[in-house]
Amino acid sequence: MGTPDFSVPALQKLAAQDDFFISLVVTQPDRPKGRGKKLSPSPVKTAALNLGLDIFQPENINTKEARDKLLSLNPDFFVVAAFGQILSQEILNIPKIMPINIHASLLPRYRGASPIQASILNMDRTTGVTTMVMAKKMDAGDLLLSSSTPISKQDTAHDIHERLGLMGADLIVKTLHAILDNRLDPAPQDHSKATYVKMLKKGDGKIDWNLSSEQICAHINAMTPWPGAFSLLGTKIIKIYKATPSVTPVSDIQTRHEPGVIFQCDKQGIHVATGKGSLIILELMGTSGKRLKARQFLCGHKIDPFVRFDLA
């Protein structure tokens, strides 16, 4: 069970195993996409079609019809990766051995819908992927295996998403083999250490220039590619895709410029004062709708001296 790009490597990896048989791929129904609002399949459906697998797309996985269909398969396991629907206890009880979820964090930290973005926002040095036995309470089931990876200061949510998708694919195969070989016992989570993250909204991308330059750069990375980090410059929405903290001494910036002020434009990029220090915008998009390097942007856009981004 899965829907977005994150789920595809796990599906492909499982399909390539000689000792596993995928009886059904469950994914979300086709949804309108793009300006024409044409119905488009999920990435998982596209991958399943390419693999010649049977597909089921229920609007609600918890209906009697869906339950009866799943029961008829007599499955040993459910493997779930970012499916997009909450499974009832009745559905979770169907597999003979267990339902397993692939989650994009090192549980119990970052239960919920946006663990990748949360790890970058909080400037964690490490993140990872976890397999767990599914329970009725979200992401609270017993732990199976985990795998970790470092987060660099340049990593965006897209970068981590791609990396964890591949890691999750390897981990689910390792998990299933360990269970079948009786080499793995589920371990309860330490619920006292659990943290929760919400589903992101478009408005979450707005930049708060009162934060430090490091925090804002982390915010930009966390919001790339969606919902995208942005700020208002006058009446225009400016999307910012890449920035780096400046090496200019903090005291020099705070003495002369308020947070959000663009105080210099040069070959390095667009220099903006922040609540602590300053940053250099390297890639952005204005009203043209094109993502540009800062040098390209400055060739076609005049920025008045000491103009200020909207603070919040």
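Please work out the Cα convex hull volume for the range 202-300 and give it in Å³ per residue.
Values: hull volume 8.9 nm³, N = 99.
Roughly 90 Å³ of hull volume per residue.
Taking every DSSP bridge with both residues inside the chain, close to 75 percent are antiparallel. The mean of 1/r over all distinct Cα pairs in the range 1-90, once inverted, gives the Kirkwood hydrodynamic radius of 13.7 Å. Taking 0.890 mPa s as the viscosity and 25 °C as the temperature, the Stokes-Einstein diffusion coefficient of the range 58-107 based on its alpha-carbon Kirkwood radius rounds to 212 µm²/s. Could you point to the residue in Pro259, Ser288, Leu311 farthest towards the positive end of the chain's charge dipole, with +1 and -1 charges on the Cβ of Lys/Arg and Asp/Glu respectively? Value: Ser288. Per-peptide packing, taken as the mean over residues of other Cβ atoms within 10 Å, places 216-226, 166-176 in the sequence 216-226, 166-176 from highest down. Ranked by the mean number of other Cβ atoms within 10 Å per residue, highest first, peptides 285-291, 75-81, 120-126 order as 75-81, 120-126, 285-291. Among the listed pairs Lys239/Lys276; Lys137/Lys276; Lys45/Lys136, which have their C-alpha atoms separated by more than 29 angstrom in this model? Flagged as over cut-off: Lys137/Lys276.
Over all other residues within a Cβ to Cβ distance under 15 Å of Ser148, the charged ones net out to +1, with Lys and Arg as +1 and Asp and Glu as -1. Per q in 0.08, 0.16 Å⁻¹, report the Debye log10 I(q)/I(0) for the range 5-197, using one uniform scatterer on each alpha carbon and no solvent. With one equal scatterer per Cα and no solvent, log10 I(q)/I(0) is -0.26, -1.09. For the range 202-300, what's the relative contact order in percent, using C-alpha pairs closer than 8 Å and at least 6 residues apart? That works out to 27 percent. The mean sequence distance of close C-alpha pairs (under 8 Å, at least 6 residues apart), as a share of the length of the chain, puts its relative contact order at 13 percent. Near Met138, once Lys and Arg are set to +1 and Asp and Glu to -1 for all other residues with Cβ below 12 Å from its Cβ, the sum equals +3.
Taking the helices alone, the chain has a mean residue ellipticity at 222 nm of -8000 deg cm²/dmol, built from -39,500 (n - 2.57) per DSSP H run of at least 4 residues and averaged over all its residues. Here the chain is treated with +1 on each Lys and Arg Cβ and -1 on each Asp and Glu Cβ, and its dipole about the Cα centre works out to around 1160 debye. Only one residue of Ala48, Val79, Gln268 has its Cα farthest out toward the positive end of the dipole of the chain, where Lys and Arg carry +1 and Asp and Glu -1 on Cβ, and that residue is Gln268. Both radii are taken from the alpha-carbon atoms of the range 107-259; with Rh as the Kirkwood radius, Rg/Rh is 1.08. If each Cα of the range 273-312 is one equal point scatterer, what is log10 of I(q)/I(0) from the Debye formula at q = 0.24 Å⁻¹? Taken in order of the listed q values, log10 I(q)/I(0) reads -1.00. Taking every full run of DSSP H in the chain, the ones that stretch at least 24 Å from end to end by Cα along their long axis and average 0.0 or higher on the Kyte-Doolittle scale are 157-180.
Give the peptides 111-119, 21-29, 193-201 in descending order of average Cβ contacts within 10 Å, highest first.
So the order, starting with the most tightly packed, is 111-119, 21-29, 193-201.
Laboratory data are not the source of any read-out in this text; all were calculated from the coordinates shown. What you are looking at is a predicted structure, and each value in this text was computed from that prediction instead of being measured. No Cβ is skipped: glycine too gets one built from the backbone with ideal geometry, and neighbour counts run over all protein chains shown.
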